[in-house]
Every structure is written in structure tokens, then in C-alpha cells.
Amino acid sequence: MVIRILQPSDAQLYQEVRLCALKNDPQAFGSTYEREVKFSLETVAARLEPSNDKFVLGAFHNDGSLVGIVTFMRENSLKTLHKGNVFGMYVAPEGRGRGLGKLLMGELIKMAKNCEGLEQMKLAVVSTNISAKQLYKSLGFEVYGVERNALKFNGQYYDEDLMVLHI
């Protein structure tokens, strides 16, 4: 397994995994398959352009297939520069059950700690996603609140647990 920062040249692989995530687990993400399937490869490539304060990690299986993704983005206002956000965590079904999620998040945390002045990382997870919440708790994230009806999909509401990791 290789975990690395994705580059614009990885746009096609990333888009395939992202669309799979949105299609298979629509309740877990703020975006939708219908929205992102319209994104051009150029748009996806631009989103993957890494910087000191934003990057997307990819986990590659030994056969070269991308099986896990997660995004880190630091806040950019003067008063919130001490915070970063984790978005779009997803491990494809063929990569699950082997600790890949923990490896991917562990690498994200390690890399985010290199951001000077970063003090905390936040994420939101659907309250009923027990396995994801256990993963985040095992890495030191703590629930600090619940947003009721945070997401609405196909007429159903989903609460999200708000979690933070103090660095």
C-alpha cells in the first residue's frame, strides 16, 4: 500500500473513486453524485492541486488502483488559521477491513502537523456511521457537538457528530 499526496495528473483516478463514494454512500457526503459527475477533468485536477494548506491524500493498492481518499484544508481567515478541516474520507469496499482508513488518516494527521500554527483539526461524520466514528476516536478525535438534520437526502435527514483533534 502506498499513500501519497494526489496531483492534478491523478484527476481521472480520483474522480472515479469520488463518484463511487457519492453513488454508494450518498448519505455520508455533503455533495452529490449528480453534481460531481458533471465536473470536467480540468475542474477535478484544479481541486487536486496541493498547497501548504490543502492536499488530498490517496491510498494506492499494490496493483496501482486508488482505494482510499481524504482531503485536508486549513482555514484561511486570520482568526481561524489555527484550524484545519478533514473532508471526503472514503475507502472503497475492496480496501476495507485492513486498517487502510487508519493508515490514511494517520498520514493526514502527520502531514497536517507540519502546518505552522495549526492547533486543531475538525471533521463531521454522520452520527449513525459507527465504524467511522470509532476510527476517528481511535486517532484522538473527540465529539464536541451534534448538528441535527445536518444533511437531507431523498427526504431523509441525517445528524452529524462534530469532532475535533487537538494537536
(request) Report relative contact order for the chain in percent, whole number only (criteria: Cα-Cα under 8 Å, sequence separation at least 6). (result) 19 percent
(request) Evaluate the distance, in nm, between pseudo-label points positioned 7 Å from the Cα of E147 and of Y33 along their respective Cα→Cβ axes. (result) 2.4 nm
(request) Could you rank L103, L66 by how accessible they are, 1.4 Å probe, largest area first? (result) L103, L66
(message) Taking all protein chains in place and a 1.4 Å probe, what share, in percent, of the accessible surface of the range 1-120 do carbon and sulfur account for?
(response) 52 percent
(request) Specify which residue in the list H166, P8, G106 is farthest towards the positive end of the charge dipole of the chain, using unit charges on the beta carbon of Lys, Arg (+1) and Asp, Glu (-1), about the Cα centre. (result) H166
(message) If I take R0 = 25 Å and measure r between the Cβ atoms of E42 and M111 in this structure, what FRET efficiency does the formula 1/(1 + (r/R0)^6) give, to the nearest 0.05?
(response) 0.45
(message) Placing unit charges on C-beta atoms (Lys and Arg positive, Asp and Glu negative, everything else neutral), compute the dipole magnitude of the chain about its Cα centre in debye, rounded to 20.
(response) 220 debye
(message) If I ignore ligands, DNA and RNA and count only protein heavy atoms, how much of D159 is accessible to a 1.4 Å probe, in Å² to the nearest 10?
(response) 40 Å²
(message) If I model a spin label at D159 and N24 as a point 7 Å from the Cα along the Cα→Cβ vector, what separation in nanometres do I get?
(response) 2.8 nm
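Accessible area per residue for the range 68-167 in Å², computed with a 1.4 Å probe and the full protein assembly in place, what is it? Don't skip to the answer; put the middle values down first.
On the way: 5540 Å² over 100 residues.
Computed with neighbouring chains in place, this is 55 Å² per residue.
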(message) Report, in listed order, any pair from K113/K152; K79/K133; K110/K152; K38/K110; K79/K113; K38/K79 with a Cα-Cα distance greater than 30 Å.
(response) K113/K152; K110/K152; K38/K110; K38/K79
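Compute the FRET efficiency between E94 and E119 as 1/(1 + (r/R0)^6), taking r as their Cβ-Cβ distance and R0 = 41 Å, and round to the nearest 0.05.
Details: r = 36 Å, r/R0 = 0.88.
For E94 and E119, the calculated efficiency is 0.70.
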(message) Between the range 87-159 and the range 16-41, how far is it from one alpha carbon centroid to the other, in angstrom?
(response) 17 Å
(message) Can you show me the helix-derived [θ] at 222 nm for the chain, built from DSSP H runs with n ≥ 4 at -39,500 (n - 2.57) apiece and divided by the number of residues, rounded to the nearest 500.
(response) -8500 deg cm²/dmol
(request) Could you work out how far apart the two model spin labels at R4 and S131 are, taking each label as a point 7 Å from the Cα in the direction of the beta carbon, and quote it in nm? (result) 2.8 nm
(message) Students sometimes get this wrong: rank C20, C115 by accessible area, probe 1.4 Å, all chains present, largest first.
(response) C20, C115
(message) Rolling a 1.4 angstrom probe over the protein chains, ignoring ligands and nucleic acids, what is the accessible area of E34 in square angstrom, nearest 10?
(response) 110 Å²
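The values are calculated or read from the model by the stated rules, or taken from the named source; none is laboratory data. Everything numeric in this text was worked out from a predicted model, so none of it was measured. Cβ atoms come from the backbone with ideal geometry, glycine included; neighbour counts cover every protein chain shown. Each accessible area value is taken on the protein alone, full model and side chains, heavy atoms only, with ligands, DNA and RNA left out. Shrake-Rupley method; radii C 1.70, N 1.55, O 1.52, S 1.80 Å.
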